[in-house]
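A.B. asks: A single structure is presented below for examination.
Throughout, read-outs are computed from the coordinates displayed, never taken from laboratory work. Every value quoted in this text rests on a predicted model; they were computed, and no experiment measured them. So basically every Cβ, Gly included, is an ideal-geometry build from the backbone, and we count neighbours across all protein chains shown.
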Amino acid sequence: MKIRFGPAGKPINYKGDMAGVPAYLSKIGLDALEYEAVRGVRIKEEKARLLGEEAEKHGVLLSMHAPYYINLASKEKEKAEASRKRLYQAVRASHWMKAYAVVFHPGYYKGWTSPVEATKEVIRQLKVLVDEITTDGYTYPWLAPETTGKDSQVGSLDDIIMICTEIPKCRPTVDWAHLYARNQGKTVLTVEQIVEVIDRLEKELGSDPINPLHTHFSKIEYGKGGEKMHHTLEEDEYGPDWRIVCKAYAELGINATVISESPILEEDALVMKKICEEVKK
Ligand SMILES: [Zn+2]
């Protein structure tokens, strides 16, 4: 069982170039990094390759978060194509930096009669993308659709399983805070519920896509439609409880990557790591 921890993006206490981040993370005791291209993939090939080399040298596992402005279920042809292009750019940059997974929010239900219909359109677009990246040779990273925080977004657990069943080299990104917010705080409450999610993923997708299980965590505030904002671990009024998630990981003995999306990124990644060490004792 190996659990890696790291921040979503540049650590808050680090000043300097992105290429120096892996060395910094390794120094403070972390071993994962999600490169955030959430406002657009701007990194050039040379810098991406350098970051990849530094990550390898310092034992930091890289992933990438693709731009937020992606809606593969858009009924407007131009928007759907622009979305696919943004994801293509994220895959290409991930290939350069050898990020193992490209995390993305698939899109929105708007305009479709059911979540299943919207998800089918996402799958159709992803199949086109897979053809494009295969033709161009950018096949290194896994496509990693994320469980999303709002009930207007494609990204329930069912949607993600449906996508990964249809798309080759697809692994789920399980954002526990999003699942919790999307379900109005009714899930991610007990070790059993978490074990159930992971067991289902393994049963439906096999063991490769969940080894390691790619996960996001922070505390979260939610309202009627789901996610409102991410919070730090020490804010008691918000859930979910990291200790419960870690207990489930320990019970299953799985390998996992845990990306901290807390406002205090790497500081909470270290808190999570410490809690997991206590749980394992
Ligand atoms: Zn995300």
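A.B. asks: How large is the direction-averaged shadow of the alpha-carbon convex hull of the range 3-280, in nm²?
C.D. replies: Working: hull surface 54.2 nm².
So the mean shadow area of the Cα hull is 13.6 nm².
A.B. asks: The range 1-48: D in µm²/s via Stokes-Einstein (Kirkwood Rh, Cα pairs, 10 °C, 1.306 mPa s)? Show your work: numbers first, answer last.
C.D. replies: Working: Rh = 11.8 Å.
D, rounded to a whole number, is 135 µm²/s.
A.B. asks: Calculated from DSSP H runs of 4 or more alone, at -39500 (n - 2.57) each and per residue, what is the 222 nm mean residue ellipticity of the chain, nearest 500?
C.D. replies: Working: 9 runs with 123 residues, N = 281.
Taken over the chain, the calculation gives -14000 deg cm²/dmol.
A.B. asks: Given +1 on the Cβ of Lys and Arg, -1 on the Cβ of Asp and Glu, and no further charges, what dipole in debye does the range 3-280 carry about its Cα centre, rounded to the nearest 20?
C.D. replies: The calculated dipole for the range 3-280 is roughly 740 debye.
A.B. asks: Okay, moving on. What does the net charge come to around GLY20 if you take all other residues with beta carbon closer than 11 Å to its beta carbon, with K and R at +1 and D and E at -1?
C.D. replies: Details: positive: LYS10, LYS15, LYS27; negative: ASP17, GLU54.
For residues surrounding GLY20, the net value is +1.
A.B. asks: Sticking with this structure for a sec: Dipole of the range 80-234, Cα-centred, from +1 at each Lys and Arg C-beta and -1 at each Asp and Glu C-beta, to the nearest 20 debye?
C.D. replies: On the way: 19 positive and 21 negative charges, 87 e Å.
So the dipole magnitude of the range 80-234 works out to roughly 420 debye.
A.B. asks: Of VAL258, ILE28, GLY52, which is farthest on the positive side of the dipole of the chain, counting Cα position, with +1 on Lys and Arg Cβ, -1 on Asp and Glu Cβ, and the Cα centre as origin?
C.D. replies: GLY52
A.B. asks: Strictly over 26 Å apart at the Cα level, which of LYS75/LYS150; LYS79/LYS186; LYS15/LYS224; LYS15/LYS169; LYS110/LYS203 would you flag in this model? Write out the running numbers ahead of the final one.
C.D. replies: Numbers: LYS75/LYS150 19 Å; LYS79/LYS186 34 Å; LYS15/LYS224 38 Å; LYS15/LYS169 35 Å; LYS110/LYS203 30 Å.
As for pairs spanning more than 26 Å Cα to Cα, those are LYS79/LYS186; LYS15/LYS224; LYS15/LYS169; LYS110/LYS203.
A.B. asks: OK, next. Please report, to one decimal in angstroms, the Kirkwood hydrodynamic radius of the range 8-90 built from all distinct Cα-Cα pairs. It would help to have the intermediate numbers written out before the result.
C.D. replies: Numbers: mean 1/r = 0.0723 Å⁻¹.
It is 13.8 Å.
A.B. asks: For the chain, list the DSSP H helices whose alpha carbon atoms reach 27 Å or more along the long axis and whose average Kyte-Doolittle value is -0.5 or above?
C.D. replies: Details: long enough: 77-97 (30 Å, -1.22); 115-136 (31 Å, -0.08).
Qualifying helices: 115-136.
A.B. asks: Right, next: Compute the signed sum of charges (Lys and Arg +1, Asp and Glu -1) over the other residues within less than 14 Å, Cβ to Cβ, of SER207. Kindly include the intermediate steps, with their values, before the conclusion.
C.D. replies: Values: positive: ARG171, ARG200, LYS203; negative: ASP199, GLU202, GLU204, ASP208.
So the environment of SER207 carries a net charge of -1.
A.B. asks: Output the relative contact order of the chain, whole-number percent, from Cα pairs under 8 angstrom with separation of 6+ residues. Walk me through the numbers before you get to the answer.
C.D. replies: Details: 599 pairs, mean separation 52.3, N = 281.
For the chain, the relative contact order is 19 percent.
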